[in-house]
Each structure stands twice: as C-alpha cells, then as structure tokens.
Amino acid sequence: MIKYLIEKEFKQFFRNTFLPKVVVALPFFAVLIFPLVANFDVGHINLSIVDNDKSPYSAQLIQKVASSGYFSITDVSAGYAAALKSIENNTADAILEIPGRMEATLVREGTAKVLISANTVNGMKGGLGSAYLSSIVADFNAHIRSELMQVKSGRAVPALNIVPMYKFNPRLVYKVYMIPAIMIMILAVVGGFLPALNIVSEKESGTIEQMNVTPVSKFQFIVAKLIPYWVAGFVVLTISFLAAWVFYGLLPVGSFVTLYFFTSLFILAISGFGLVISNYAATIQQAIFMIFFFIITFIFMSGLYTPVASMPLWAQQLSIISPLKYIIMVFRLVYLKGSTLPDLAVPFAALSGFAVFFNGWAILSYRKKN
Amino acid sequence: MKSTTRDIVISAQQLTKKFGRFTAVDAISFDVYKGEIFGFLGANGAGKTTAMRMLSGLSAATSGRATVAGYDINTQPEQIKKTIGYMSQKFALYDDLKVWENIRLYAGIYGVPEKEIAPRTDRLLEQLGFENERNTMVKSLPLGWKQKLAFSVAIFHEPTVVFLDEPTGGVDPAARRNFWEMIYDAAARGITVFATTHYMDEAEYCDRVSIMVDGKIEALDSPVQLKQTYNARTMDEVFHQLARTSTRKAD
C-alpha cells in the first residue's frame, strides 16, 4: 500500500507550483552567486600614500607595497590631512605615511618610523590592511638592514627565510572553501526542512487525521513523505557538483562516491530532525520558527563561516550538537584534501549517531492517537 | 424504516474519556446493530466527536471498553482501522489531487486490489454523475460534491461501519437530502452508519438516535419513540428539552 502513498507524494511534489523549480534553481544560484558575494578575500584595499621623503628607499617601499597584490594605490597625497580626507570620502581604506628624510635617518641611525593608519569601520578590511602593510614594512625593514650591514661588513648576513606553503588550497581562495559548505546548506533545507513543513501542512489541513484512521502505519506514512525529498536532495547535490565544476572548475580531489555516501547519511539524520520538528509543531508558522531557530544555531556552530577552532572553548564544545559541522567537514576534506572513508571515521560515527538519535526521537514522539 | 438484524456491530460499555480533570465522555454504553443508521446527537461540546474518535481508534479510552466489528478499541485499533470508513467535517480528500487520484489513493490504502480499482472508479463516477469531473482537482469542486465524493471514498472498500462526523455541514437542504439518499443506499448494502449531526431533520432519517448531554447519553431510541416519550412533535423539540438540562458551556 505504500506504493500508493509514494505515488501521491510525487504527484503533489511535481504539482506544486514552487518546489520543482526551487530544486533546480536553488543549487545553481547558491553555488554561482553566493561565493561571489560572501567573499572574505581581502584583495583590494585602497591605499593612500603620503610620501614625505621621495628618496630611492621610499620609492622602493611603495613599489613593494604596490606589487604585493593586496593593495590598489588610489592616490599619493601631499600630506596626511589630504590622505585622511580620502579616507573620509571612502576612497581609501588605509594610509601609509613615510616621514621626511626617512632614508637619511635610516642610514644614519639604523631606524626610521613609518605611520600606518587604517579605517576600521569595516573591521575585516582595516585589520587585514594594516596587518598586510606591517608585514610588508617589516619585510622591507629586514631587507634594508641586511643590505646596510652587508655594505658595512662586506659579507652576507645569515638570516632565516621563512616561506609559508599553503597545502590543499594554495591560493587560500575563499570560494573553494565555501562552495562545499553551501552545498550542505541547500541539502539541509531540501532534505530536512521541506518534508517537515509538508507534514505540518497535512496537520493543518486535517488530512493527516484521515490517514490516522486508515490502516496506514506511521512508518509507511513517514517513509512515503521522505522519499521524494531524499530523491530531490540527490538531484540538488548533483546539480551543485555540476555548477561548481562548470562555474569554478572545482572538482573534488577525493571521490564522488564518498560524498554521496556521506550525503545519504546526512539526509537521513537531518530528515529525522525535520520529523522531530513536525511532531511538535501544530502549525506551519510554529514549524518555520523552530526551523529558523535551529538552522541559525546549527550554521553558526558548524564552522561554515568561522572555523570551529577559533571559537571560545564553550562554543567549541557546543558545536558538537550541530550535524552540519560534521558533513561540512567531510565535504571540505573530500573536496580539498581528497580524504577517504578511513580518514573520516569521526564524522561517520557522529552522523550515524545523529541519524539514530533524531529518527529514534521522531518515532517515539510521533503519536497516531492521543 | 427498514428492519435491522440483531448483529451487534458497535458495542460500548462505560466508555469514558478524561482530559485532565475534565470528563469529556462520561461512562457511555450503547449497542449499534448491523445495517443500522445510528444518529449520534448532542450540543457542541457534549462529547460526540471525542466518543467517535475513541471508537475509530484515533483516541485512547481512559476507562471502559468498546468493540467495533468485533475488535477491541483498546487492544486492536489497527484491525478496526481496516474495517471502518471515516469521514470528518474537515475533508480528508487531497485538494491537489484529481478526483480519480483521490479514489485510487484511498482504495489502494485500504487494500482494494489494483486491478479492481479502475473499473470500480468508473462505476462510482458514473453513479455520482461525475464522469466529467474525473480529472478535476478536488479543490475546484463545489462543497456538496466534495462531501458526496468524500463519502463515496470512505465506503469504497465496503467497510463494516462508516463513521460520519457532521458530514453535511454548510450545504443547502437539497444537497443534504441528496447526501442522505447515498447514506440509505450504503445502509441497504449492509454498511452500518454512525453519524453525528446538528440538523434535526437529519435525525428524523435515522433508525435510532442517541442524544448526549454533558458527556452522558440522556436518551436513546427511534425518533418516533423519542417524540412520544418527550411528548414532542419534532426531534427539534426533543433535543431542546434535553439540551436545556446541560450545565456545560458550549465550545
């Protein structure tokens, strides 16, 4: 008899004026647009330079800053006041002021001061801007000193040269980091929350009552509800994989089989969670609000935007309750690092645990009679 | 009035439902016989729907016992669900499914063999005069038609008993009359009909009528006998005499 229920769910799904379109459009838009706008790469810090020295050294410094790739030099102002004006006009994010006679002081006294001031209204940009600038100046400083000492002593100064090498995402491209996580968000919505809303809407219309007086068991009813959304989840995921490849040339280093395997585990867990919500919500309004509460918590605790490791300790401990954390971890590891199943034992155990826990809770809290 | 055989289809003894300290249904006892049209009357809040929900396995009894088609409501609700039909005031048909799809869904759920579903659907649509509505979405049917369709769907699998919870609310007298003809047909085929209603003219159509007041059954007899006992000309007067004794606030 479950065949008739599944048939009904698919008919209703495709007859919905909204759902089939969303299933196709959502992954496209999310994967295409979201990484472009939610971009924390700070690549274009507008810099205003005040060069009071106009010496070969100051020219060298400016050139070093310009070639770093982080800054676009908007203007070379006559004085600090003029530079500040351009910050006020929002044409510049930071100022680098080179004092007069820097070269002379440097050669004579072995030290000179430059001023870095950043507009931290946009904290991220200002902070990163001044950090980049400081490191460039420090680097320049080291270079100058070794040059000067070499001139004095006539031989090379030994120095440790630290060259960082970023593995797995060598250019630290933010999109590459974000796209796998975005796929998970869509999956959570389609696989977990849509079926929950669907069940609650049957509660609202009273049709669930009719189902409860038929011989249909709760297990059959729920499985029939979930199947179309599970299928939709895999369709959405496949479209996301394609979109990531077509638009960003992003293919997982690891295998798709691993990704699909973990996806099924995750969909099972999150749809169980959706069912728990549908059991407690009497109206769509309640359900949406509950979903909103949990999805916000899960996302912020998941390390989607900010790494879990940089959270305060209590938050790190709290983050274990977010199923999103583990699946996002898996997607990033498989996409960027090519991890395989044995490396992913922890998320595997966690997601299996969530699947058992949520579905168990859903079954226990579902009542066919009162 | 047609004669009823004496096979008991529904039997309730001291059936009680309490919600906290509130006793919604207070130790009611009655029998309903095969092929009978049993009217279950009472003011709003008298406990009709609660009693009906217990009998159809939607709600657990606090105490007392009852059997429906020979199955115990406390221990065999799943068996009961296979042998009853149920139609509530909230329509159970799916608005976004077509007429034939709704019929197919419920027929399938109740285990009507797949091969029989299509020919029986054709026959039903013909009887109802709905041939042209086969592919209409249920949401665009008029209310009276929806009720007729919902009733037909509820008895499509030839249940032993069909429970009707205010089946004819909101439609005109002609449509109600029409609906009751369908009920007579079903009863003539041996389906026991257990119906709640607020329309006293409908009460007159029933073989026997019970009237609930404040969770208790205050009267149970044929409409003719009831009118005699209460010295009333119509069922309406009988109802008013009994309902006046109520101390419970209507909801």
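Taken together, A:Pro347, A:Pro342 contain a single residue that is open to solvent by less than 10 Å² (accessible area, probe 1.4 Å) and assigned to a helix (DSSP H, G or I), which is A:Pro347.
Taken together, the residues in region A:214-246 that are farther than 14 Å from A:Ile184 by Cα, of a type in the set (S, T, N, Q) and without any contact (Cβ under 8 Å) to a residue 60 or more places away in the chain amount to 2. Checking the stated criteria, B:Gly45 turns out to be touching a residue at least 60 places away in the same chain (Cβ under 8 Å) and open to solvent by 10 Å² or more (accessible area, probe 1.4 Å).
Are any residues in region A:188-206 charged (D, E, K, R) and open to solvent by less than 30 Å² (accessible area, probe 1.4 Å), and if so, which ones? Spell out the reasoning first.
First, the residues of region A:188-206 that are charged (D, E, K, R): A:202-204.
A:Glu202 - this is the single residue of region A:188-206 that is charged (D, E, K, R) and open to solvent by less than 30 Å² (accessible area, probe 1.4 Å).
Taken residue by residue, region A:11-20 has at least one member that is more than 30 Å from A:Lys175 (Cα to Cα), aromatic (Phe, Trp, Tyr) and not assigned by TED's automatic domain parsing to the domain that holds A:Ser135. Taking the numbered list (1) in contact with a His (Cβ under 9 Å, 6 or more places away or on another chain); (2) over 30 Å from B:Val171 (Cα atoms) in turn, B:Thr67 passes all entries but (1).
No other residue among B:Ala187, B:Ala118, B:Ala154 is modelled with pLDDT of 90 or more and within 13 Å of chain A (Cβ to nearest Cβ) apart from B:Ala154. The helices (runs of 4 or more DSSP H) falling completely within region B:156-251 that include 1 or more residues that are touching a residue at least 60 places away in the same chain (Cβ under 8 Å), within 30 Å of B:Ile103 (Cβ to Cβ) and more than 14 Å from the chain's Cα centre (by Cα) map to B:173-188.
With the condition kept exactly as written, say whether any residue in region A:1-11 is farther than 30 Å from A:Ala142 by Cα, open to solvent by 70 Å² or more (accessible area, probe 1.4 Å) and not aliphatic (A, V, I, L, M). Yes, some residue in region A:1-11 is farther than 30 Å from A:Ala142 by Cα, open to solvent by 70 Å² or more (accessible area, probe 1.4 Å) and not aliphatic (A, V, I, L, M).
Can you tell me which residues in region A:115-152 are polar (S, T, N, Q) and open to solvent by less than 50 Å² (accessible area, probe 1.4 Å)? If you could, list the steps in order and put the result at the bottom.
Residues of region A:115-152 polar (S, T, N, Q): A:117, A:119-120, A:122, A:130, A:134-135, A:141, A:146, A:150.
Scanning region A:115-152 gives A:Ser117, A:Asn119, A:Ser130, A:Ser146.
With the requirement that a residue be more than 8 Å from chain B (Cβ to nearest Cβ) and either assigned to a helix (DSSP H, G or I) or in contact with a Phe, Trp or Tyr (Cβ under 8 Å, 6 or more places away or on another chain) (or both), what does region A:1-17 give you?
Within region A:1-17, A:Ile2, A:Ile6, A:Glu9, A:Phe10, A:Phe13, A:Phe14 meet the criteria.
Give me a count of the residues in region B:87-103 that are more than 7 Å from every other protein chain (Cβ to nearest Cβ) and free of Cβ contacts under 8 Å to residues at least 60 places away in the same chain. Show your work before the answer.
Restricting attention to region B:87-103, the residues satisfying the condition of being more than 7 Å from every other protein chain (Cβ to nearest Cβ) are B:87, B:89, B:91, B:93, B:95, B:98-100, B:102-103.
Right, trim to free of Cβ contacts under 8 Å to residues at least 60 places away in the same chain and you get B:91, B:95, B:98-100, B:102-103.
Matching residues across region B:87-103 total 7.
The values are calculated or read from the model by the stated rules, or taken from the named source; none is laboratory data. What you are looking at is a predicted structure, and each value in this text was computed from that prediction instead of being measured. Here the Cβ is made from the backbone with ideal geometry for all residues, glycine too, and neighbour counts use every protein chain on show. For the accessible areas, the whole protein counts, side chains as well, though only heavy atoms, and no ligand, DNA or RNA atoms are used. Shrake-Rupley method; radii C 1.70, N 1.55, O 1.52, S 1.80 Å.
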